[in-house]
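Asks: The structure under discussion is supplied below as structure tokens; questions concerning it will follow.
The values are calculated or read from the model by the stated rules, or taken from the named source; none is laboratory data. Note that the coordinates shown come from a computational prediction; the quantities given were computed from them, not determined experimentally. Don't worry about glycine lacking a Cβ; one is built from the backbone with ideal geometry, like all the others, and counts go over all protein chains shown.
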């Protein structure tokens, strides 16, 4: 931990950061309820809520796509059928995802962007609360950058005195850019005490048409990825299929307590990884495909009042299984590499709020507390198949060590002191542990080991409301992230090169200071937040030579890579700082204008090493952190028209990002010299007949711009039409 004086100096630097006129489009700060329970102190943090009724009008392709208009969030895509939201420059295993209070993150989440948020069906999501900034006190390890709290759509109970009612719904969607067809059928059964919903859907997407080729800023030549068909706009290595189903049962146990049981199934197949299908300089037919990306989640629980001293409580017992089957076909060598990785996660979590304690006058005290524990079990195998002889040779190990386990557990308490409605102070702390059990590696001869780390977190926040429509917020946070099984033991080919495992890495610890101010009135909602996060032990990539490659069958893939690297802890402090937010205007009863903007800047010590990445060697003592988004933002206008109709237009923009980490320089997903800036315009029209019929149409990328989000391997869709029809009874 940095000395106190050093920590205070970081607070002073907040004052020199420019504050933009945009910020979080968060809901009114008086009360924020997340997944049925008021999470303590979130009112004092930077957050926004993406609601189904808002993002459905923009026709998102996926759950990550539904977040594109949230301040501080930037969406990266390694493949057409993948998406990874980035918040405040953090992504992958540094951001926590929870579904109705159940942790989605597991021990195989990568340090880089991953595809797992894509496994959520956007049609089943009610809200996504985006918590920006360190949040380990509430959510434990992985919440360095923040958290995405997903609340699924849930069946409603019938009004008192009503008989059984059935509410079927049919949804269909078409997109011209990738010839995508999607459909979903669902129904709700409602009584006074029992509510049931079931649904199923299917999506087919073909090759994605872009607006054109994105060129390297440095030399003006076409970027190495993606590869295009002869027409120059159709991207190879795109397309996918998805089948999804869900079911939820809610039962009123008493007036104040509801039991819930829910299941979610997601089945994605035939999804090429765009930057490796084919890879740069590879032949057509050389392709890495995720043949199966399956997620199964089942959970049961209770919501409500558990007793006299436990209101707004939430209990969850959960099981989740992530299954991934991938193949890499190499036609020139007649070899197909295959791998299957399964992660089974068992979890229990509980959160609650005590009855309010009056301290006299207009002062009161609220106390919130909770605990959680999760266990991951790993199955991992890999093999090589010679396609000309059909011979199969199993590897001694897969990407992960077969039979390894990972455990996280902890508990937290937070006290909220309210002095009238003008001042709120939040103090919170968490204690816990994280433990990895690594089995022995027969290929390299490394013995079994069980590293364990204490997982502590704390925060202090103050919210002042000098006027009913004005607030100021200031907070400090200490968050924690323990190394997971990917960090410790993964051995595989990734974007920047071949990753060599490192079982000796230590946890990341982060100290965040943030300040915000905002306005809440009938016609204006405005926030702006500025932050600085200091990370001790930040995981970075250290270049390695061929002689460092592991022994066994993995050595060939390692030696033939353009570059090799190993995750290591940075030798000194790394910094992520920035400013973000949004402005919502309601100038007329029928008109809404919303703007967001965000800027993040990351920097850390040069990882050093005697080997350059490819032909690049960096000698500067400080270098940029990897894949930090450029300055970016949105503008969205919506007009309500007569007779249930509405129209809208939107702009998404980003500047050039030329501040690249060492690993970015060898990542073919990033053009040489950085990712060019872009501006993309959409227009849309819709019609609603009560709640029974919704028709939506959107003309996407009006000017057919060629663009790519920073760190992505796939270009954004070209000009196209999207249409959605939903009918319900």
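Asks: If I ask for residues that are assigned to a strand (DSSP E or B) and without any contact (Cβ under 8 Å) to a residue 60 or more places away in the chain, which ones from the stretch 581-597 would you list?
Replies: 588, 591, 592, 593
Asks: Give the residues of the stretch 97-114 that are in a loop (DSSP other than H, G, I, E, B) and in contact with a helix residue (DSSP H, G or I) (Cβ under 9 Å, 6 or more places away or on another chain), sorted by residue number.
Replies: Hits for the stretch 97-114 are 104, 105, 106, 107, 108, 109, 110, 111, 112, 113, 114.
Asks: Any idea which of 209, 184 is part of a strand (DSSP E or B), touching a residue at least 12 places away in the same chain (Cβ under 8 Å) and within 30 Å of residue 660 (Cβ to Cβ)?
Replies: One residue alone meets the criteria, 209.
Asks: Then there's this: Tell me which residues, restricted to the stretch 117-151, are part of a helix (DSSP H, G or I) and touching a strand residue (DSSP E or B) at 6+ places or on another chain (Cβ under 7 Å).
Replies: Matches in the stretch 117-151: 117, 119, 123, 124, 136, 137, 138, 139.
Asks: Can you tell me which residue among 179, 136 is under 27 Å from residue 66 (Cβ atoms) and free of Cβ contacts under 8 Å to residues at least 40 places away in the same chain?
Replies: After ruling out the rest, the residue left standing is 179.
Asks: Please enumerate the residues belonging to the stretch 164-181 that are within 27 Å of residue 242 (Cβ to Cβ) and assigned to a strand (DSSP E or B).
Replies: 166, 167, 168, 169, 170, 171, 172, 173, 174, 175, 180, 181
Asks: Could you figure out which of (1) at pLDDT 80 or above; (2) touching a helix residue (DSSP H, G or I) at 6+ places or on another chain (Cβ under 8 Å); (3) surrounded by fewer than 24 Cβ atoms within 10 Å (Cβ to Cβ) isn't true of residue 536?
Replies: Residue 536 satisfies all of (1) at pLDDT 80 or above; (2) touching a helix residue (DSSP H, G or I) at 6+ places or on another chain (Cβ under 8 Å); (3) surrounded by fewer than 24 Cβ atoms within 10 Å (Cβ to Cβ) except (2).
Asks: What residue, among those in the stretch 478-501 that are modelled with pLDDT of 85 or more and assigned to a loop (DSSP other than H, G, I, E, B), is farthest from residue 566 (Cα to Cα)?
Replies: Applying the filter and picking the extreme gives 482.
Asks: If only one of 388, 372, 366, 376 is farther than 30 Å from residue 324 by Cα and in contact (Cβ under 8 Å) with a residue 12 or more places away in the chain, which one is it?
Replies: Testing whether each residue is farther than 30 Å from residue 324 by Cα and in contact (Cβ under 8 Å) with a residue 12 or more places away in the chain leaves just 366.
Asks: Also, I was wondering about something else. Of everything in the stretch 628-668, what is within 18 Å of residue 540 (Cβ to Cβ) and out of contact with any strand residue (DSSP E or B) (no Cβ under 7 Å at 6 or more places or on another chain)? Give them in sequence order.
Replies: Within the stretch 628-668, 664, 667 qualify.
Asks: Next up: I'd like the full set of residues that are out of contact with any helix residue (DSSP H, G or I) (no Cβ under 8 Å at 6 or more places or on another chain) and under 22 Å from residue 456 (Cβ atoms), limited to the stretch 115-137.
Replies: 132, 133, 134, 135, 136, 137 - these are the residues of the stretch 115-137 that are out of contact with any helix residue (DSSP H, G or I) (no Cβ under 8 Å at 6 or more places or on another chain) and under 22 Å from residue 456 (Cβ atoms).
Asks: Follow-up question, since we're still on this one. Taking the conditions exactly as written (farther than 30 Å from residue 671 by Cα and not in a strand (DSSP E or B)), does residue 506 satisfy them or not?
Replies: Taking the combined requirement at face value, the residue satisfies it.
Asks: Let me ask something else. So for the stretch 258-273 (the condition being in contact (Cβ under 8 Å) with a residue 24 or more places away in the chain, surrounded by fewer than 20 Cβ atoms within 10 Å (Cβ to Cβ), at positive phi and in contact with a strand residue (DSSP E or B) (Cβ under 9 Å, 6 or more places away or on another chain)), does at least one residue qualify?
Replies: Looking for residues that are in contact (Cβ under 8 Å) with a residue 24 or more places away in the chain, surrounded by fewer than 20 Cβ atoms within 10 Å (Cβ to Cβ), at positive phi and in contact with a strand residue (DSSP E or B) (Cβ under 9 Å, 6 or more places away or on another chain), one finds at least one in the stretch 258-273, hence yes.
Residue by residue, here is whether (1) assigned to a strand (DSSP E or B); (2) farther than 15 Å from residue 136 by Cβ; (3) modelled with pLDDT of 95 or more holds:
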{"position": "361", "(1), (2), (3)": "no, yes, no"}
{"position": "383", "(1), (2), (3)": "yes, yes, no"}
{"position": "388", "(1), (2), (3)": "no, yes, no"}
{"position": "400", "(1), (2), (3)": "no, yes, no"}
{"position": "410", "(1), (2), (3)": "yes, no, yes"}
{"position": "431", "(1), (2), (3)": "yes, no, yes"}
{"position": "434", "(1), (2), (3)": "yes, no, yes"}
{"position": "460", "(1), (2), (3)": "yes, no, yes"}
{"position": "463", "(1), (2), (3)": "yes, yes, no"}
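Asks: Something else about it: Taking the stretch 321-359, which residues are more than 30 Å from residue 396 (Cβ to Cβ), in contact (Cβ under 8 Å) with a residue 24 or more places away in the chain and in a strand (DSSP E or B)?
Replies: Residues satisfying the conditions are 347, 348, 349, 350, 351, 352, 353.
Asks: Here's something else I'd like to know. Any residue at all in the stretch 345-361 that is surrounded by 19 or more Cβ atoms within 10 Å (Cβ to Cβ), over 26 Å from residue 427 (Cβ atoms) and out of contact with any helix residue (DSSP H, G or I) (no Cβ under 6 Å at 6 or more places or on another chain)?
Replies: Yes, the stretch 345-361 has at least one match.
Asks: Scan the stretch 344-355 and tell me whether some residue there is under 25 Å from residue 502 (Cα atoms) and in contact with a strand residue (DSSP E or B) (Cβ under 7 Å, 6 or more places away or on another chain).
Replies: Yes, the stretch 344-355 contains a residue that is under 25 Å from residue 502 (Cα atoms) and in contact with a strand residue (DSSP E or B) (Cβ under 7 Å, 6 or more places away or on another chain).
Asks: Checking the condition buried (at least 17 other Cβ atoms within 10 Å of the Cβ) and either touching a strand residue (DSSP E or B) at 6+ places or on another chain (Cβ under 9 Å) or closer than 30 Å to residue 136 by Cβ (or both), which residue from 200, 210 passes?
Replies: Going through 200, 210 in turn, just one is buried (at least 17 other Cβ atoms within 10 Å of the Cβ) and either touching a strand residue (DSSP E or B) at 6+ places or on another chain (Cβ under 9 Å) or closer than 30 Å to residue 136 by Cβ (or both): 210.
Asks: Any residue that is touching a residue at least 12 places away in the same chain (Cβ under 8 Å), buried (at least 21 other Cβ atoms within 10 Å of the Cβ), out of contact with any helix residue (DSSP H, G or I) (no Cβ under 7 Å at 6 or more places or on another chain) and assigned to a strand (DSSP E or B) - is there at least one of those in the stretch 277-285?
Replies: No, the stretch 277-285 contains no residue that is touching a residue at least 12 places away in the same chain (Cβ under 8 Å), buried (at least 21 other Cβ atoms within 10 Å of the Cβ), out of contact with any helix residue (DSSP H, G or I) (no Cβ under 7 Å at 6 or more places or on another chain) and assigned to a strand (DSSP E or B).
Asks: Continuing with this model, one more query. Kindly evaluate residue 480 against the criterion of being touching a strand residue (DSSP E or B) at 6+ places or on another chain (Cβ under 7 Å), within 30 Å of residue 529 (Cα to Cα) and crowded, with 18+ Cβ neighbours inside 10 Å.
Replies: Yes; evaluated as a whole, the condition is true for this residue.
Per-residue answers, yes or no, for (1) under 30 Å from residue 711 (Cβ atoms); (2) in contact (Cβ under 8 Å) with a residue 12 or more places away in the chain; (3) surrounded by fewer than 24 Cβ atoms within 10 Å (Cβ to Cβ):
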position: 435; (1), (2), (3): no, yes, yes
position: 445; (1), (2), (3): no, yes, yes
position: 455; (1), (2), (3): yes, yes, yes
position: 466; (1), (2), (3): no, yes, yes
position: 470; (1), (2), (3): no, yes, yes
position: 499; (1), (2), (3): yes, yes, no
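Asks: If you don't mind, there's one more thing I want to ask. Return the residues of the stretch 229-250 that are in a strand (DSSP E or B) and buried (at least 17 other Cβ atoms within 10 Å of the Cβ); say none if nothing qualifies.
Replies: Scanning the stretch 229-250 gives 234, 235, 240, 242, 244, 245, 246, 247, 248, 249, 250.
Asks: Name the residue, out of 161, 140, 145, that is at pLDDT below 95 and either closer than 24 Å to residue 240 by Cβ or touching a helix residue (DSSP H, G or I) at 6+ places or on another chain (Cβ under 9 Å) (or both).
Replies: 145
Asks: Taking the stretch 520-543 only, how many residues are touching a strand residue (DSSP E or B) at 6+ places or on another chain (Cβ under 7 Å) and without any contact (Cβ under 8 Å) to a residue 60 or more places away in the chain?
Replies: The total comes to 1.
Asks: Condition first: under 21 Å from residue 627 (Cα atoms), in contact with a helix residue (DSSP H, G or I) (Cβ under 7 Å, 6 or more places away or on another chain) and surrounded by 21 or more Cβ atoms within 10 Å (Cβ to Cβ). Now tell me which residues in the stretch 512-533 satisfy that.
Replies: The answer is 530, and nothing else.
Asks: Follow-up. Could you list, in sequence order, all residues of the stretch 401-426 that are within 12 Å of residue 368 (Cβ to Cβ) and more than 27 Å from the chain's Cα centre (by Cα)?
Replies: Across the stretch 401-426, the qualifying residues are 415, 416.
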